[in-house]
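Each remark here refers to the structure printed beneath this line.
The values are calculated or read from the model by the stated rules, or taken from the named source; none is laboratory data. Bear in mind the structure is a predicted one, so any value in this text is a computation, not a measurement. Glycine also receives a Cβ, built like all others from the backbone with ideal geometry; neighbour counts cover every protein chain displayed.
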Amino acid sequence: MTVLVTGSAGHLGEGLMRVLSQRGEAVRGLDIQSSPFTSDTGSIVDREFVHRCVQGVSCVLHAATLHKPHVATHKRQDFIDTNITGTLNLMEEAVAAGVKTFVFTSTTSVFGDALVPPEGEPSAWITEEVTPIPKNIYGVTKLAAENLCALFSRLHGLSCIVLRTSRFFPEEDDDSVARAAFDQTNAKANELTFRRVDIEDAISAHLLAMEKAREIGFGRYIISATTPFAQKDLAALRMNAPAVLARRTPEFEAVYSRRGWRMFPSIDRVYVNSLAREELGWRPVHDFQAVLKRLAAGGELESELARAVGAKGYHTQTFADGPYPVAEAPKRG
């Protein structure tokens, strides 16, 4: 039987296609854009196209989506169509075709406003128990798609695993202020302490979810690099993150000093991956401490797989304010 990967021209989709193919799996890649890793070119909004693609498939790894950087350039209806209707099409056709396993790539962005505590409060400790408060159409549609997974698991017995992945894209930050304040490699290293995951680790989580889905039935998991911080650090992290990191991982200072890097002065949230490690058996290998060792030895920040997949961008057009459009109100519709 065959594994279907949606979004096969994207970062995660390409990574999944590479790894599954290397493992000798029968795999099909679906994407709206053609690519060396796409066998079926079309949209998940097209029900007939989806119907054809799921035939003979044993598992769907659903990574296709409109992303946060699209909020300023696409209509809200586009997000509804792709992220909700597209997911519904896949799930209904998967059930009809006898697919048993469905892994949905969600995002920590679903937590939205729950990620930023009020001024003066400790940083947020983000586990699966935190109630999402989406703050844009991207988060709203990803959370709705998660709930479709829960519904189809309950009503149809489709084994569904939702993976709320943190940042793994190699592109620059979508916040122009953040881009201006820090060297981008420095910023990505900092993020590994609280809100980033290497794509190789994200892929290993998807493969484990595929293997464990029948046993679990339905589950939602945060997929982010293991943090060096503890819950008791939260008040101090909001006030002086470099001091907390120096206490928890003192070796960072020498590595950063040699590169002229610095830690963010404050951290407002920490993603916690304990449940994924416990229930999926996930063991991310590219955490902050491991990356520090690699950097100290002259290595690269990202894994070999992350470098092979590389940057892709989110738009075909260019913008005056860098790789992303100037922030504006989302388009109506």
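Do you know which residues across segment 208-223 are touching a residue at least 60 places away in the same chain (Cβ under 8 Å) and either in contact with a Gly (Cβ under 7 Å, 6 or more places away or on another chain) or more than 14 Å from Arg283 (Cα to Cα) (or both)? Before you say what the answer is, go through the steps one by one.
First pass over segment 208-223, keeping only residues touching a residue at least 60 places away in the same chain (Cβ under 8 Å): 208-210, 212-214, 216-223.
Answer for segment 208-223, where residues must be touching a residue at least 60 places away in the same chain (Cβ under 8 Å) and either in contact with a Gly (Cβ under 7 Å, 6 or more places away or on another chain) or more than 14 Å from Arg283 (Cα to Cα) (or both): Leu208, Met210, Lys212, Ala213, Arg214, Ile216, Gly217, Phe218, Gly219, Arg220.
Identify the residue in segment 232-285 that is under 22 Å from Val116 (Cα atoms) and among the β-branched types (Val, Ile, Thr) and, among all such residues, is farthest from the chain's Cα centre (by Cα).
Val244
Touching a residue at least 40 places away in the same chain (Cβ under 8 Å), closer than 16 Å to Pro69 by Cβ, part of a loop (DSSP other than H, G, I, E, B) and of a type in the set (Gly, Ala, Ser) - does that describe any residue in segment 162-182?
Yes; the residues of segment 162-182 include at least one that is touching a residue at least 40 places away in the same chain (Cβ under 8 Å), closer than 16 Å to Pro69 by Cβ, part of a loop (DSSP other than H, G, I, E, B) and of a type in the set (Gly, Ala, Ser).
Quick test for you: out of Ala114, Ala96, pick the one residue that is surrounded by fewer than 20 Cβ atoms within 10 Å (Cβ to Cβ) and closer than 27 Å to Val3 by Cβ.
Numbers: Ala114 fails: closer than 27 Å to Val3 by Cβ.
Testing whether each residue is surrounded by fewer than 20 Cβ atoms within 10 Å (Cβ to Cβ) and closer than 27 Å to Val3 by Cβ leaves just Ala96.
Is it true that Ala72 is more than 18 Å from the chain's Cα centre (by Cα) and modelled with pLDDT of 95 or more? Steps first, answer last, please.
Numbers: more than 18 Å from the chain's Cα centre (by Cα): yes; modelled with pLDDT of 95 or more: no.
No; evaluated as a whole, the condition is false for this residue.
For segment 265-293, which residues satisfy the criterion of being aromatic (Phe, Trp, Tyr) and without any contact (Cβ under 8 Å) to a residue 60 or more places away in the chain? Let's see the steps before the verdict.
Looking only at segment 265-293, we keep the residues that are aromatic (Phe, Trp, Tyr), and these are 271, 282, 288.
Passing the criteria: none in range.
If you scan segment 96-124, which residues turn out to be in a loop (DSSP other than H, G, I, E, B), of a type in the set (Gly, Ala, Ser) and either under 23 Å from Leu155 (Cβ atoms) or modelled with pLDDT of 95 or more (or both)?
Residues of segment 96-124 that are in a loop (DSSP other than H, G, I, E, B), as a first pass: 98-100, 116-123.
Keeping just the survivors that are of a type in the set (Gly, Ala, Ser) gives 98, 120, 123.
Scanning segment 96-124 gives Gly98, Ser123.
From the list Val50, Val45, Val19, Val27, which residue is touching a residue at least 60 places away in the same chain (Cβ under 8 Å), over 26 Å from Asp175 (Cα atoms) and touching a helix residue (DSSP H, G or I) at 6+ places or on another chain (Cβ under 6 Å)?
Details: Val50 fails: touching a residue at least 60 places away in the same chain (Cβ under 8 Å); Val45 fails: touching a residue at least 60 places away in the same chain (Cβ under 8 Å); Val27 fails: touching a residue at least 60 places away in the same chain (Cβ under 8 Å).
On inspection, the qualifying residue turns out to be Val19.
Restricting the search to segment 168-205, which residues are of a type in the set (Val, Ile, Thr) and under 16 Å from the mean Cα position of the chain (by Cα)? Please lay out each step first, then the result.
As a first pass, look at segment 168-205 and keep what is of a type in the set (Val, Ile, Thr): 177, 185, 193, 197, 199, 203.
The answer is Thr193, Val197, Ile199, Ile203.
Could you please find all residues in segment 154-186 being of a type in the set (A, V, I, L, M) and modelled with pLDDT of 95 or more? Break it down into steps so the answer makes sense when it comes.
Just the residues of segment 154-186 that are of a type in the set (A, V, I, L, M), to begin with: 155, 158, 161-163, 177-178, 180-181.
Answer for segment 154-186, where residues must be of a type in the set (A, V, I, L, M) and modelled with pLDDT of 95 or more: Leu155, Leu158, Ile161, Val162, Leu163.
If Thr127 passes every condition in (1) closer than 26 Å to Asp233 by Cβ; (2) at pLDDT below 95; (3) polar (S, T, N, Q) but one, which one does it miss?
(2)
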